[in-house]
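Asks: First the structure, which I've put down as structure tokens, then a few questions once you've had a look.
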Amino acid sequence: MTVCRDCCCGSLRKHPSVDHDGQLRALRGALEPEHRVRTSQCLDVCSQSNVVVVQPDPVARRAGAKPVWFGLVHDDVVLNDLVGWVRDGGPGVAPLPAVLELSVITPPAP
């Protein structure tokens, strides 16, 4: 899982009511060490901040699964749904819950 934390994502200026450090602590506490949670610089979808990208595990990736991008991840409800989906297997393994489909965004063009 990659959590954008740069110019807009993770910014108290843009999202003053979000505990950005708390989000990272929650994700890491819930998913590591079985799943890696890392931060990145800008992922170029600032209008959708806060952005989280869930990568498929290696077996699912070899079978054709692609990363799934989520935007507007501001509250614990979405965060908890993401954690549950990743624990269930994530992209290519577990079906995407309908509630998370509302947060899926299109990644930027390469």
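The values are calculated or read from the model by the stated rules, or taken from the named source; none is laboratory data. Nothing here was measured: the structure is a model prediction, and the numbers come from that model. For neighbour counting, all protein chains shown are included, and Cβ atoms are generated from backbone atoms with ideal geometry for every residue, glycine included. Only protein heavy atoms, including side chains, enter the accessible area calculation; ligands, DNA and RNA are left aside. Shrake-Rupley method; radii C 1.70, N 1.55, O 1.52, S 1.80 Å.
Asks: State in Å² the accessible area per residue of the chain; use a 1.4 Å probe, count heavy atoms of protein chains only, and round to the nearest integer.
Replies: Result: 57 Å² of accessible area for each residue.
Asks: Okay, moving on. May I ask you to compute the full-extension gain from Val59 to Lys14, defined as 0.36 nm times their residue separation minus their alpha-carbon distance, rounded to one decimal in nm? List each step's numbers first, then the result.
Replies: Working: separation 45, 0.36 × 45 = 16.20 nm, distance 3.73 nm.
Additional length available on full extension: 12.5 nm.
Asks: Sticking with this one: 222 nm [θ] for the chain, helices only, -39500 (n - 2.57) per DSSP H run of 4+, per residue, to 500?
Replies: Rounded to the nearest 500, it is -8500 deg cm²/dmol.
Asks: Another question, then. Which residues does a label at Ala26 reach in the stretch 1-16, if reach means a backbone N under 19 Å from a point 7 Å past the Cα toward the Cβ?
Replies: Taking a point 7 Å out along Cα→Cβ of Ala26, the residues of the stretch 1-16 whose backbone N falls under 19 Å are 1-6, 9-16.
Asks: Full-extension gain between Thr106 and Glu34, please, as 0.36 nm times their residue separation minus the C-alpha to C-alpha distance.
Replies: Gain on stretching Thr106 to Glu34: 23.3 nm.
Asks: Mind pulling the angle between the C-alpha long axis of helix 20-31 and the longest principal axis of the chain? Nearest 10 degrees, somewhere in 0 to 90.
Replies: Approximately 20 degrees, to the nearest 10.
Asks: If Lys and Arg each add +1 and Asp and Glu each add -1, what is the summed charge of the other residues whose beta carbon sits under 13 Å from the beta carbon of Trp69?
Replies: With Lys, Arg at +1 and Asp, Glu at -1, the neighbours total -1.
Asks: Return the label of the correct value of semi-axes √(5λ) of the Cα gyration tensor in Å, as calculated from the structure shown, out of (i) 27, 19, 10; (ii) 56, 12, 9; (iii) 21, 15, 13.
Replies: Answer by label: (iii).
Asks: Nearest-5 percent of antiparallel DSSP beta bridges in the chain?
Replies: Here the antiparallel bridges make up roughly 70 percent for the chain.
Asks: Keeping the other protein chains in place, figure out the carbon and sulfur percent of the accessible area of the stretch 13-70, with a 1.4 Å probe.
Replies: With neighbouring chains kept in place, the figure for the stretch 13-70 is 50 percent.
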